[in-house]
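Accompanying notes for the structure given below.
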2 protein chains.
Amino acid sequence: MADTEIQLARVALTLLAEPGTRAVHRLVARHGPRAALALALSGEIPDETARDAVAARLAAGDPRPAAEAALATAARLGARLVVPEDAEWPPGLAALEVVQLSVSDRRVDRELAPPLCMWVRGEWPLSDAFDRSVAIVGSRASTQYGEHVATDLAYGLAEREWTVVSGGAFGIDAAAHRGALAAGGLTIAVLACGIERAYPVANTALFDRIAETGLLITEWPPGADPLRPRFLIRNRVIAAATRGTILVEAAARSGATQTIRRAIAMRRPAMVVPGPVTSAMSVGCHEILRLHEPARLVANVSHVLEEVGRIGADLAPPLMGPQHPRDQLDDQATFLLESLPRRGTISPDAAASRAGVDIRTALRKLTLLETLGFVVRREGGYALAPQPRRLPENDPP
Amino acid sequence: MADTEIQLARVALTLLAEPGTRAVHRLVARHGPRAALALALSGEIPDETARDAVAARLAAGDPRPAAEAALATAARLGARLVVPEDAEWPPGLAALEVVQLSVSDRRVDRELAPPLCMWVRGEWPLSDAFDRSVAIVGSRASTQYGEHVATDLAYGLAEREWTVVSGGAFGIDAAAHRGALAAGGLTIAVLACGIERAYPVANTALFDRIAETGLLITEWPPGADPLRPRFLIRNRVIAAATRGTILVEAAARSGATQTIRRAIAMRRPAMVVPGPVTSAMSVGCHEILRLHEPARLVANVSHVLEEVGRIGADLAPPLMGPQHPRDQLDDQATFLLESLPRRGTISPDAAASRAGVDIRTALRKLTLLETLGFVVRREGGYALAPQPRRLPENDPP
């Protein structure tokens, strides 16, 4: 585990600016966390942007006592702090160092730097837990359809030992966590507030179950409120730490579409479950599929594994439609079969003429059709068999 | 109109080989229809493939008497023959001369040549009717969802003066035709049998309604049976004659997915309506979207117009579903409106009874419909207004 000074410096810096602030992350990358904090406290940060970023909260006083209190609270709660200096820091988060979104004036679209630290509740080492992980995100105002699909995908992924990551919110998030738990799998909720804050409160029992077998993680120190912008700031972590993101139900401008756009920007598999076009909860999903070429439509776990799985290890079986005995007939046999009258018999000559095949072919194919049970020979001609028989078992499709 | 000899030759050649047969089409392209038929009758076709293609049916006798009979029957039925020599031949069909599908052994995938002729019931010149046309195809075993979407898309397209083309089958096809008819639009059913054969029989009334204001067309002469492979042969015409094809609901291996694959091969807009991943009727649609990059997800009429419309002429507003004046009507008003005869008047009593509402409600809703310009009062009853009026400007959708 990293030494306490590093931990303290990183927590203190997190208290000085919202997670994701690029200038602060750059400062830490350049000078290390302890020197970066010292520069901040002395008011002598060379970079003006970084200086401005921490100025307001610094004016409220030295952040170190609060950082120490946060670490003490976390210890009391059974939570731990994980920092990039630790071996278990998830490598996927490094993608946030370089990700850039198309021009946007919104802070949450510009300030996408990796977290400075992570508060964690649960036993699993972070990097192990995220190694084979897929995010499932979507609307809070989900429909039964969306919840069903999210639960089903999460169950299927957990069964195949993939970690299911989501945001712990109502609707799709909760359905995804529950699906993974139901399969006895590992699930991670990435929160947008202090680790001890069960938000939404109605999900308290769910959070406790997740922490028992999986992980609750957050960038914010104990006591931090779930402020609205924090959900959007948090989303970049969900997209970056996982191997791919699945979107299940989203209205036209929902936070969940933002998460998958982050995944696209980081060139991670961006998967979208479609839905009825008559549902407002499909609009965001369909727009992502329409407007973002890398976004891939997925309809089941096999499709997801095709995107995120290792070749060979996670094979997706090719599409199988229902097989009809008639599908195995070639064109000439099909035409002949179709040329038979619905009642009564037809001579091979007449059948050949109607089907447009020569008489030798007609006789050969009619014999085949008889063998397969499609036609019967009667009164010197051929008639449709009373009931088309299935192909013999030893004649596979 | 083309001269009778050309007509006769083309019909006779159609009788000798199933439509789409490349060798026969090439023969006609090289020698013209009359010389091509003469070569066939003399047994002296230079090209062996073409010789083989017509051999079987030629053995049954000279096709000219049957061709003459077919033309006479058509005339008696009020149908006409249109051939490529006619000005009204739809130009889109030329794409079939060059289209090639990835390797397949199936006859219907290889033999994609343009039709030799078209039997037509209805007043519209073919090329005019197909000029601004979109195909809507899908499963016969459709769900309420699919039928709703197909009807809605067809209604919206017809309202914007696009022709809706489909195959006249149960399910999605019928819903598409009905949607276009409900909007007072032009719709075309491309049949896979003789023009006089209402197939499926249960759609007889629908076919009659289509022929009244739109078109029934087919490559097969009067009397031809709707043999199974003919539906697949027919599909290439639906894809080629239209500006784009929309797929609404298809099981994993349905004929409708074949139609849209034809559209993709001809580089026509290939549009797919997604659906719930929990529905077997979505599987074919989603597979097309997953496996064929040119296929585009569409969720509403605006999306369709973006694909097939002329830039500037058919503007697609982002993320806005189309609003129909009818959408603002409640169920009772809609039922009453639907209960009105297409021609002539109906008494309020009769309308109430057909719509299944009480007479007081009927009178109130009919007054509303009159105010909105959907119906007019005439001879003590109500009649459909000549042209559905837009809602008043100050009553936004």
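The values are calculated or read from the model by the stated rules, or taken from the named source; none is laboratory data. Every value quoted in this text rests on a predicted model; they were computed, and no experiment measured them. Here the Cβ positions follow ideal geometry from the backbone for every residue, glycine too, while neighbour counts run over all protein chains shown. All accessible areas refer to the heavy atoms of the entire protein, side chains included, with ligands and DNA or RNA removed. Shrake-Rupley method; radii C 1.70, N 1.55, O 1.52, S 1.80 Å.
Restricting region B:295-310 to residues that are more than 8 Å from chain A (Cβ to nearest Cβ) and in a helix (DSSP H, G or I), the residue that is most open to solvent (accessible area, probe 1.4 Å) is B:GLU306.
Go through B:ALA50, B:ALA74, B:ALA55 for me and flag whichever is in contact (Cβ under 8 Å) with a residue 24 or more places away in the chain, within 14 Å of chain A (Cβ to nearest Cβ) and open to solvent by less than 60 Å² (accessible area, probe 1.4 Å).
B:ALA50
Just one residue in the set B:ALA113, B:ALA87, B:ALA95 is surrounded by fewer than 24 Cβ atoms within 10 Å (Cβ to Cβ), farther than 27 Å from A:GLN332 by Cα and in contact (Cβ under 8 Å) with a residue 40 or more places away in the chain; that residue is B:ALA87. When region B:58-70 is filtered for residues that are in a helix (DSSP H, G or I), within 14 Å of chain A (Cβ to nearest Cβ) and open to solvent by less than 70 Å² (accessible area, probe 1.4 Å), the ones remaining, listed by number, are B:LEU58, B:ALA66.
Quick one: count up the residues across region B:248-259 that are under 13 Å from B:ILE233 (Cα atoms) and either of a type in the set (A, V, I, L, M) or open to solvent by 10 Å² or more (accessible area, probe 1.4 Å) (or both).
Number satisfying all stated conditions: 2.
Would you confirm whether any residue within region B:135-152 is crowded, with 22+ Cβ neighbours inside 10 Å, within 14 Å of chain A (Cβ to nearest Cβ) and either at pLDDT below 95 or in contact with a His (Cβ under 8 Å, 6 or more places away or on another chain) (or both)? No.
Of all the listed residues (A:VAL11, A:VAL82), the sole one being among the hydrophobic types (A, V, I, L, M, F, W, C), open to solvent by less than 20 Å² (accessible area, probe 1.4 Å) and outside the structural domain of A:SER127 (by TED's automatic domain parsing) is A:VAL11. The residues of region B:186-197 that are open to solvent by less than 10 Å² (accessible area, probe 1.4 Å) and either closer than 19 Å to B:GLU161 by Cβ or touching a strand residue (DSSP E or B) at 6+ places or on another chain (Cβ under 6 Å) (or both), listed by number, are B:THR187, B:ILE188, B:ALA189, B:VAL190, B:LEU191, B:ILE195.
A:ARG228 meets each of the listed conditions (1) over 27 Å from A:ALA69 (Cβ atoms); (2) surrounded by fewer than 21 Cβ atoms within 10 Å (Cβ to Cβ) apart from (1).
Annotation: A:VAL277 fulfils all but one of (1) in contact (Cβ under 8 Å) with a residue 24 or more places away in the chain; (2) hydrophobic (A, V, I, L, M, F, W, C); (3) within 12 Å of chain B (Cβ to nearest Cβ); (4) in contact with a strand residue (DSSP E or B) (Cβ under 9 Å, 6 or more places away or on another chain); the unmet one is (1). Quick check on my filter: what residues within region A:337-349 are at the interface with chain B (Cβ under 10 Å from one of its Cβ atoms) and part of a helix (DSSP H, G or I)? Once the filter is applied, which keeps residues that are at the interface with chain B (Cβ under 10 Å from one of its Cβ atoms) and part of a helix (DSSP H, G or I), region A:337-349 yields A:LEU337, A:GLU338, A:SER339, A:ASP349.
Only a single criterion out of (1) without any contact (Cβ under 8 Å) to a residue 40 or more places away in the chain; (2) more than 21 Å from B:ALA240 (Cβ to Cβ) is not satisfied by B:SER102, namely (2).
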